[in-house]
């Protein structure tokens, strides 16, 4: 979506009166004062925030580097309930200059040149530094969602995160960041699975095998499950609605996908595996799901 500035529109020949009319008629929509888009602001929160980031960069000093949640959006990392009401930037200053405004939150912290990368013309903190800053400033679950995604999409590596977690030990909030980065796992393929991992750990359950490939004794592939406890003969499946939408082939009926999933579950049970399912609504109160898992755990 093409971001337009007031000065640029005036230079193109639009008059102040025309701009007011376009705004009044809904043909031109404000992103922030002095920055607009034609055709409507996108409904997606991340897409809207990316426009706000681009608009803010037009007005901020050149030493401001997009960071924290804003950097995660620029890198294409989906966030879970992380506020996007302000654009976050960091200036390479050790102690002064931080401020929290209505539209922009300016952080002051040390930044080395290798912690700043260009993305689509925007100076943004590296993926590793972005995840460190998120881990320092947002709740554990939100930080894990972003870190899992970065690993799963190969935007970073386990080794790079381990190095980032010890690079700046004196930054406020680093103990929390280290916990989140240490917990991150590339095997979680969606925010729902990342949140499930956190819920499983907080319930005191054994750590599962992610994306476990179930096979028969003869080696025949049965299916891949979100969470597996092979020694306890139990599998767990997170049922997000989006999951089944992604599995649809062109022209395929959703009922067919559900039927195939039933056959898959029957095949898992035939291998003497207990199957426990849960969805978005279970993640905020995971106790009953945790008990169902405990009830189905069994040794070989």
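For the stretch 101-122, a tally of residues being closer than 24 Å to residue 169 by Cα and either surrounded by 20 or more Cβ atoms within 10 Å (Cβ to Cβ) or touching a strand residue (DSSP E or B) at 6+ places or on another chain (Cβ under 9 Å) (or both) returns 11. Taking the criterion of being modelled with pLDDT of 90 or more and either touching a strand residue (DSSP E or B) at 6+ places or on another chain (Cβ under 9 Å) or not in a helix (DSSP H, G or I) (or both), would at least one residue in the stretch 248-258 satisfy it? Looking for residues that are modelled with pLDDT of 90 or more and either touching a strand residue (DSSP E or B) at 6+ places or on another chain (Cβ under 9 Å) or not in a helix (DSSP H, G or I) (or both), one finds none in the stretch 248-258, hence no. Restricted to the stretch 60-78, and to residues there that are within 12 Å of residue 149 (Cα to Cα) and surrounded by fewer than 21 Cβ atoms within 10 Å (Cβ to Cβ), the residue that is nearest to the chain's Cα centre (by Cα) is 78. With the structure loaded, tell me whether residue 128 is in contact (Cβ under 8 Å) with a residue 24 or more places away in the chain, part of a helix (DSSP H, G or I) and either within 21 Å of residue 283 (Cβ to Cβ) or in contact with a strand residue (DSSP E or B) (Cβ under 9 Å, 6 or more places away or on another chain) (or both) or whether it fails that test. So residue 128 fails the test. Residue check: residue 88 meets all listed conditions (1) closer than 24 Å to residue 20 by Cα; (2) in contact with a helix residue (DSSP H, G or I) (Cβ under 6 Å, 6 or more places away or on another chain) but one, namely (1). Here are some residues: 24, 17. Which one is exposed (fewer than 11 other Cβ atoms within 10 Å of the Cβ), at pLDDT 90 or above and outside the structural domain of residue 81 (by TED's automatic domain parsing)? Within the list 24, 17, the selection yields 17.
Somewhere in the stretch 35-49, is a residue touching a strand residue (DSSP E or B) at 6+ places or on another chain (Cβ under 9 Å), closer than 24 Å to residue 130 by Cα and crowded, with 18+ Cβ neighbours inside 10 Å? Looking through the stretch 35-49, at least one residue is touching a strand residue (DSSP E or B) at 6+ places or on another chain (Cβ under 9 Å), closer than 24 Å to residue 130 by Cα and crowded, with 18+ Cβ neighbours inside 10 Å. Inspect all residues belonging to the stretch 156-167 and state whether any of them is in the same structural domain as residue 116 (by TED's automatic domain parsing) and within 15 Å of residue 195 (Cα to Cα). No: zero hits.
Per-residue answers, yes or no, for (1) in contact with a helix residue (DSSP H, G or I) (Cβ under 7 Å, 6 or more places away or on another chain); (2) farther than 22 Å from residue 202 by Cα; (3) at pLDDT below 95:
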{"position": "144", "(1), (2), (3)": "yes, no, no"}
{"position": "153", "(1), (2), (3)": "no, yes, no"}
{"position": "156", "(1), (2), (3)": "yes, yes, no"}
{"position": "161", "(1), (2), (3)": "yes, yes, no"}
{"position": "166", "(1), (2), (3)": "no, yes, no"}
{"position": "174", "(1), (2), (3)": "yes, no, no"}
{"position": "179", "(1), (2), (3)": "yes, no, no"}
{"position": "184", "(1), (2), (3)": "yes, no, no"}
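Restricting attention to the stretch 186-241, the residues that are in a helix (DSSP H, G or I), without any contact (Cβ under 8 Å) to a residue 60 or more places away in the chain, touching a strand residue (DSSP E or B) at 6+ places or on another chain (Cβ under 7 Å) and surrounded by 19 or more Cβ atoms within 10 Å (Cβ to Cβ) add up to 1.
The values are calculated or read from the model by the stated rules, or taken from the named source; none is laboratory data. A quick note: this is a predicted structure, and the numbers were derived from the prediction, not measured. Every residue, glycine among them, receives a Cβ derived from its backbone with ideal geometry; neighbour counts consider all protein chains shown.
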